[in-house]
Amino acid sequence: MQKLKDLVAMYLDKVKNQLIELKLVKQDELVGCTRDEVSAIEQQLGISLPRAYQEFLLSMGHSAGQFLRGSDCFFKHLPQLQEWAIELLQENNFVESLPEDAFIFFMHQGYQFSFFRVSEGADPPIYSYCEGTEETSFI
């Protein structure tokens, strides 16, 4: 487990350095969540978040400069994302409901979102919905 944690941390360090080199973010704009904040989300929802997603939150869960600007994916948005995703599906008469164990972690401009299912392990697949697509299932 420690080896996986180290690999994820190294990968995110590389990503952060690339964002800085590309001038999408300044070092002081990368503001991560605290471990207590991540634990609070897990406790509130009664789930365990995948390690890579935990590391994202710890690295830049509050702010990432221009990176991901226009997207709702930071800590302050997490409580609303589930509701917004359900509303989007209803507005578009999408035939399928979100799985009960869906964790919405990303929404862009109110017309697309991404989620993983917490029941699918430490490295779950990512599912997405985009308004106007012909997809009829999250499988």
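The values are calculated or read from the model by the stated rules, or taken from the named source; none is laboratory data. This is a predicted model, so every value here is computed, not measured. Methodologically, a virtual Cβ is constructed for each residue, glycine included, from the backbone with ideal geometry; neighbour enumeration extends over all protein chains shown. The protein model used for the area step is the full one, side chains on, heavy atoms only, and it has no ligands, DNA or RNA in it. Shrake-Rupley method; radii C 1.70, N 1.55, O 1.52, S 1.80 Å.
A count restricted to the range 98-109 and to residues that are open to solvent by 40 Å² or more (accessible area, probe 1.4 Å) and at pLDDT below 95 stands at 2. Return yes when Glu42 is at pLDDT 95 or above and assigned to a helix (DSSP H, G or I) and no when it is not. No; evaluated as a whole, the condition is false for this residue.
Residue pairs whose Cβ atoms lie under 8 Å apart, sitting 6 or more positions apart in sequence or on different chains, and linking a residue in the range 42-61 that is open to solvent by 30 Å² or more (accessible area, probe 1.4 Å) to a partner that is small (Gly, Ala, Ser), are Glu42/Ser48; Arg51/Ala122; Leu58/Gly32.
Here Val95, Val118 are screened, and the one residue that is surrounded by fewer than 11 Cβ atoms within 10 Å (Cβ to Cβ), β-branched (Val, Ile, Thr) and in contact (Cβ under 8 Å) with a residue 24 or more places away in the chain is Val95. Screening Leu78 against (1) part of a helix (DSSP H, G or I); (2) of a type outside the set (Ser, Thr, Tyr); (3) open to solvent by less than 30 Å² (accessible area, probe 1.4 Å); (4) at pLDDT 95 or above leaves a single unmet condition, (4).
Going by what's in this entry, would Phe67 be described as within 13 Å of the chain's Cα centre (by Cα) and open to solvent by 40 Å² or more (accessible area, probe 1.4 Å)? Steps first, please.
Details: within 13 Å of the chain's Cα centre (by Cα): no; open to solvent by 40 Å² or more (accessible area, probe 1.4 Å): yes.
It is false that Phe67 is within 13 Å of the chain's Cα centre (by Cα) and open to solvent by 40 Å² or more (accessible area, probe 1.4 Å).
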